[in-house]
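S.K.: So that we are looking at the same thing, I have put the structure below in C-alpha cells.
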Amino acid sequence: MLLFQMSFSHSLRSCNLSKRSCEVLSSVLSSQSSSLKVLGLSLNKLQDSGVELLCEGLKSPHCKLDNLRLISCDLSKRSCEVLSSVLSSQSSSLKYLYLSFNKLQDSGVELLCEGLKSPHCKLYNLSLSSCDLSKRSCEVLSSVLSSQSSSLKDLDLSKNKLQDSGVELLCEGLKSPHCKLDTLSLSGCHITEVCCDSLRAALSSKSFSLRELELSNNYAGQ
C-alpha cells in the first residue's frame with residue numbers, strides 16, 4: 001500500500017489480478033494520504049465483481065484518481081452501472097476512462113450514459129473501442145453530447161458495428177450547440193457513403209466543435 005501512496009501514477013497491466021486486488025486498491029483510493037491519480041489495470045480479469053469493489057474507493061471524497069484504464073478486463077453491463085454511479089458522484093475526480101475491449105453492449109452504455117449526463121460528471125475522455133456496440137449506443141451517446149452538462153471532449157467508438165444508421169443518430173448530438181467534442185474515432189465501424197451527408201451537415205453546423213475525425217477502415221469511398 002505504501003507504494004501506491006507514494007506514487008501519482010501506477011500501472012498493473014496484465015498482472016494476473018482479480019477481485020481481491022480491487023478490494024485492496026479501493027482502500028488505497030479511499031485513503032486520505034493517497035496521491036494516486038493514474039491507475040492502469042488493463043488485461044486483468046477483474047470482472048464486474050472486482051470493479052464494484054473498486055468503485056467504492058472511487059466514490060470516496062479522498063480519492064484523487066482522474067485516469068482509470070480498464071481495457072480488456074472481462075467487464076459487462078454491471079460494471080457500467082457502478083461506474084455510472086461514480087461519474088454521478090459529486091466527489092468523483094475521473095476525467096479519463098478507458099473501457100475498450102469489454103463486452104459492455106448497448107445495455108451497458110445506456111447505463112453509463114446516465115452518469116455522463118450528470119451535472120457532477122467531469123469526464124473528458126471515454127474509450128469504448130470494440131465493446132460490441134450498435135445503433136442504440138449512438139442514440140444514447142448523442143443525447144449525452146447534446147446535454148448542457150456534458151464535458152466529453154474525446155470519444156473513441158472504433159471497431160463497433162455502428163453502421164450508417166448509428167452514425168446518423170450520433171450526428172444529431174454533434175450538431176448540438178452544447179456539444180464540446182474535439183476528437184471522435186469511428187474507425188472500423190461498418191459505415192459507408194450513405195452517412196456522409198449527415199457528417200457533412202454536422203461539419204457545416206455553426207456549433208460544430210470537432211477538430212479530429214477518424215474514419216479509417218470503413219467503406220465511405222465506395
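S.K.: Going through Ser89, Ser142, Ser130, Ser134 one at a time, which residue ends up being over 15 Å from Leu186 (Cα atoms), free of Cβ contacts under 8 Å to residues at least 40 places away in the same chain and of a type in the set (Gly, Ala, Ser)?
M.R.: Matching residue, one of Ser89, Ser142, Ser130, Ser134: Ser89.
S.K.: Something else: It is to be established whether one or more residues within region 142-153 are in contact with a Leu (Cβ under 6 Å, 6 or more places away or on another chain), among the β-branched types (Val, Ile, Thr) and open to solvent by less than 70 Å² (accessible area, probe 1.4 Å).
M.R.: For region 142-153, residues in contact with a Leu (Cβ under 6 Å, 6 or more places away or on another chain), among the β-branched types (Val, Ile, Thr) and open to solvent by less than 70 Å² (accessible area, probe 1.4 Å): present.
S.K.: Also, quick follow-up: Report whether or not Ser79 is buried (at least 23 other Cβ atoms within 10 Å of the Cβ) and over 11 Å from the mean Cα position of the chain (by Cα). Give the steps one after another, and end with the answer.
M.R.: Numbers: buried (at least 23 other Cβ atoms within 10 Å of the Cβ): yes; over 11 Å from the mean Cα position of the chain (by Cα): yes.
So Ser79 passes the test.
S.K.: Of the residues Asp156, Asp74, which single one is in contact with a Leu (Cβ under 8 Å, 6 or more places away or on another chain) and on the phi > 0 side of the Ramachandran plot? Give the derivation first.
M.R.: Working: Asp156 fails: on the phi > 0 side of the Ramachandran plot.
After applying the criteria, what remains is Asp74.
S.K.: Checking the conditions here, which among Leu75, Leu65, Leu83, Leu70 is of a type outside the set (Asp, Glu) and farther than 22 Å from Ser150 by Cβ?
M.R.: Working: Leu65 fails: farther than 22 Å from Ser150 by Cβ; Leu83 fails: farther than 22 Å from Ser150 by Cβ; Leu70 fails: farther than 22 Å from Ser150 by Cβ.
After applying the criteria, what remains is Leu75.
S.K.: Do you know which residues across region 10-33 are in contact with a helix residue (DSSP H, G or I) (Cβ under 6 Å, 6 or more places away or on another chain) and under 19 Å from Gln90 (Cα atoms)?
M.R.: Ser26, Leu29, Ser30 - these are the residues of region 10-33 that are in contact with a helix residue (DSSP H, G or I) (Cβ under 6 Å, 6 or more places away or on another chain) and under 19 Å from Gln90 (Cα atoms).
S.K.: Could you please find all residues in region 92-106 being closer than 14 Å to Leu116 by Cα, open to solvent by less than 10 Å² (accessible area, probe 1.4 Å) and of a type in the set (S, T, N, Q)?
M.R.: Across region 92-106, the qualifying residue is only Ser92.
S.K.: Within region 41-62, can you find the residues that are open to solvent by 10 Å² or more (accessible area, probe 1.4 Å) and not polar (S, T, N, Q)?
M.R.: At the first step, the residues of region 41-62 found to be open to solvent by 10 Å² or more (accessible area, probe 1.4 Å) are 43, 45, 47-49, 52-53, 56, 59-62.
Hits for region 41-62 are Leu43, Lys45, Asp48, Glu52, Leu53, Glu56, Lys59, Pro61, His62.
Yes/no per residue for (1) surrounded by fewer than 22 Cβ atoms within 10 Å (Cβ to Cβ); (2) not in a loop (DSSP other than H, G, I, E, B):
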site	(1), (2)
Ser129	yes, no
Leu133	no, no
Glu139	yes, yes
Lys161	yes, no
Leu169	yes, yes
Glu172	yes, yes
Pro177	yes, no
Lys180	yes, no
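S.K.: Any idea which residue in region 141-159 is modelled with the lowest pLDDT, counting only those that are touching a helix residue (DSSP H, G or I) at 6+ places or on another chain (Cβ under 6 Å) and assigned to a loop (DSSP other than H, G, I, E, B)? Can you show your working first?
M.R.: Residues of region 141-159 that are touching a helix residue (DSSP H, G or I) at 6+ places or on another chain (Cβ under 6 Å), as a first pass: 142, 144-146, 150.
From the residues that got through so far, the ones that are assigned to a loop (DSSP other than H, G, I, E, B) too are 146, 150.
On the way: Ser146: 94, Ser150: 91.
This residue is Ser150.
S.K.: Would you say Glu56 is in a helix (DSSP H, G or I), of a type outside the set (A, V, I, L, M), farther than 22 Å from Ser129 by Cα and within 19 Å of the chain's Cα centre (by Cα)? Don't jump to the end; show me each part of the working.
M.R.: Numbers: in a helix (DSSP H, G or I): yes; of a type outside the set (A, V, I, L, M): yes; farther than 22 Å from Ser129 by Cα: yes; within 19 Å of the chain's Cα centre (by Cα): yes.
For Glu56, the condition - in a helix (DSSP H, G or I), of a type outside the set (A, V, I, L, M), farther than 22 Å from Ser129 by Cα and within 19 Å of the chain's Cα centre (by Cα) - is met.
S.K.: Hey, can you tell me all the residues within region 101-129 that are under 12 Å from the mean Cα position of the chain (by Cα) and among the hydroxyl-bearing types (Ser, Thr, Tyr)?
M.R.: Selection gives Tyr124, Ser127, Ser129.
S.K.: Could you grab me the full set of residues in region 163-222 that are under 23 Å from Ser150 (Cβ atoms), polar (S, T, N, Q) and in contact with an Asp or Glu (Cβ under 9 Å, 6 or more places away or on another chain)?
M.R.: Those that are under 23 Å from Ser150 (Cβ atoms), polar (S, T, N, Q) and in contact with an Asp or Glu (Cβ under 9 Å, 6 or more places away or on another chain): Thr183, Ser185, Ser187, Ser198, Ser209.
The values are calculated or read from the model by the stated rules, or taken from the named source; none is laboratory data. All values reported here derive from a predicted model rather than from experimental measurement. Here the Cβ is made from the backbone with ideal geometry for all residues, glycine too, and neighbour counts use every protein chain on show. For accessibility, only protein heavy atoms count, side chains too; no ligands or nucleic acids. Shrake-Rupley method; radii C 1.70, N 1.55, O 1.52, S 1.80 Å.
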